[in-house]
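See below for the structure under consideration.
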Amino acid sequence: MLYIGCHLSSSKGYRAMAEQAAAIDANTFAFFTRNPRGGSAKELNSDDIKRFHEFADEKGFGRIVAHAPYTMNCCASDKKIRQFAHDTLADDLRRMEAVPGNYYNFHPGCHVGQGIDQGIDLIAEQLNSVLTGDETTAVLLETMAGKGSEIGSRFEELRRIIDLTEHDNVLGVCLDTCHVWDGGYDIVSNLDGVLEEFDKVIGLDRLKAIHLNDSMNPLGAHKDRHAKIGEGHIGAEALVRVMLHPALRGLPMILETPNDIDGYAREIAFLREKYSE
Ligand code: FE
Ligand code: FE
Ligand code: ZN
């Protein structure tokens, strides 16, 4: 089964997102839990959530993939920023339990000059202060491009966060194709090798979702600029191979390409076509 979708605006609620997804032949979607620059989240509406579940069940949706705001930096050097990250993480995870059994994806953080080791320690500390181990939501660390002082551009860094987290049963990984490419993992000429390395370092059982994006930059650029499918340095063929790889079957494939809704509809149609060939 192919679960494919794109990033949608959450302003009208869960049911509206699911309807918008279905209208472009998507059967999963991603959304920001709150304004990506931070701020407060909309109140949960139990009627909306009920109507979302009815619709998603009827249409056979896969798991949905919520995204934490970009401003959530779990390993900031400023204590106030870390407190904001803690409060956001705790509030988001509480709210995710209203739609049980889905995914919550976040950028591990930027160490802003404190060094990778300290950054990793602070991220694990945050997770340890929030996670109870009883969450039905899987909390996904996103693979990063390694822009600036970003943590998570090496699989080993994600592994260490997992190792330092007490309730690691809740943790998984979301692999962003643009980010790993920018991080130096050659998914174009050696996808099998990259996935073998992922398996060796982290374990493929931790891999729960894919962000399917092309990249505006060459391998190892550490830039993080997404391109439309087929318009970047990764290319459509390599991204189709990711979609079709047996080790990745059944994972939600989320497009975060620079598109309006019609552009997403075209990319989903293209990928579905390739899937059925
Ligand atoms: Fe992301
Ligand atoms: Fe991403
Ligand atoms: Zn990105």
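The values are calculated or read from the model by the stated rules, or taken from the named source; none is laboratory data. These numbers were taken from a predicted model, which means no experiment stands behind them. A quick note on method: Cβ atoms are made from the backbone with ideal geometry, for glycine too, and the neighbour counts reach across all protein chains shown. For accessibility, only protein heavy atoms count, side chains too; no ligands or nucleic acids. Shrake-Rupley method; radii C 1.70, N 1.55, O 1.52, S 1.80 Å.
In nm, give the distance between the simple-model label positions of Lys80 and Ala265, each being 7 Å from the Cα along the Cα-to-Cβ direction.
Modelled inter-label distance: 4.6 nm.
For region 186-230, just list the percent of Cα-Cα distances falling in each 5 Å bin from zero outward, please.
Taking all Cα pairs of region 186-230, the binned fractions are 5, 18, 20, 27, 21, 9, 0 percent.
What percent does the relative contact order of region 58-212 come to when contacts are Cα pairs within less than 8 Å and at least six residues apart?
The normalised contact order for region 58-212 reaches 20 percent.
What accessible area per residue comes out for region 3-276, rounded to a whole number of Å², with a 1.4 Å probe?
42 Å²
Determine the share of region 142-183's accessible area contributed by carbon and sulfur atoms, expressed in whole percent, with a 1.4 angstrom probe.
Solvent-exposed carbon and sulfur of region 142-183 make up 44 percent of the total.
Trypsin sites (Lys or Arg not before Pro) within region 131-177: which are DSSP loop residues with at most 16 other Cβ atoms inside 10 Å?
Within region 131-177, the qualifying trypsin sites (Lys or Arg not before Pro) (loop, at most 16 other Cβ atoms within 10 Å) are Lys147.
Of all the accessible heavy-atom surface of region 10-68, with the other protein chains kept in place and a 1.4 Å probe, what percent is carbon and sulfur?
About 44 percent, which is the carbon plus sulfur part of the accessible surface.
When only Cα pairs under 8 Å and 6 or more residues apart are kept, what is the percent relative contact order across region 3-276? If you can, show how the numbers build up before the last one.
On the way: 550 pairs, mean separation 45.0, N = 274.
It comes to 16 percent, rounded to a whole number.
Which lysines have a Cα less than 28 Å from the Cα of Lys50, not counting those fewer than 8 places away in the same chain?
Within reach: Lys12, Lys42, Lys59, Lys208.
Between Asp192 and Glu277, what's the calculated FRET efficiency when r is the beta-carbon distance and R0 is 22 Å? Round to 0.05.
With R0 = 22 Å, the Cβ-Cβ based efficiency is 0.60.
So, with a 1.4 angstrom probe, what is the percent of accessible area on region 192-277 that is carbon and sulfur?
Working: 1900 of 4020 Å².
C and S fraction of accessible area: 47 percent.
Could you give me D for region 172-254, from Stokes-Einstein at 10 °C and 1.306 mPa s, where the hydrodynamic radius is the Kirkwood radius over C-alpha pairs? Units µm² s⁻¹, please.
Details: Rh = 12.5 Å.
After rounding, the answer is 128 µm²/s.
Can you pull the one-decimal nm distance between simple spin-label points at Asp25 and Lys223, each 7 Å off the Cα toward Cβ?
Spacing of the two 7 Å Cα→Cβ label points: 3.1 nm.
Starting from the Cα-Cα distance between Asp47 and Ala90, subtract it from 0.36 nm times their residue separation and give me the gain in nm to one decimal.
Roughly 13.2 nm would be gained on extension.
Return the whole-Å distance between the Cα centroid of region 79-120 and the Cα centroid of region 19-43.
About 18 Å separates the Cα centre of region 79-120 from the one of region 19-43.
Please state the charge dipole magnitude for the chain, taken about the Cα centre, from unit charges on C-beta atoms (+1 on K and R, -1 on D and E), reported in debye and rounded to the nearest 20.
The dipole of the chain has a size of about 500 debye.
I need the semi-axes of the equivalent ellipsoid of the chain: take the C-alpha gyration tensor, multiply each eigenvalue by 5, square-root it, list largest first in whole angstrom.
On the way: eigenvalues 137, 119, 54 Å².
The three semi-axes for the chain are 26, 24, 16 Å.
Looking at region 24-114, which GluC sites (Glu not before Pro) are in a loop (DSSP not H, G, I, E or B) and have at most 10 other Cβ atoms within 10 Å?
Loop-located and lightly packed - Glu43.
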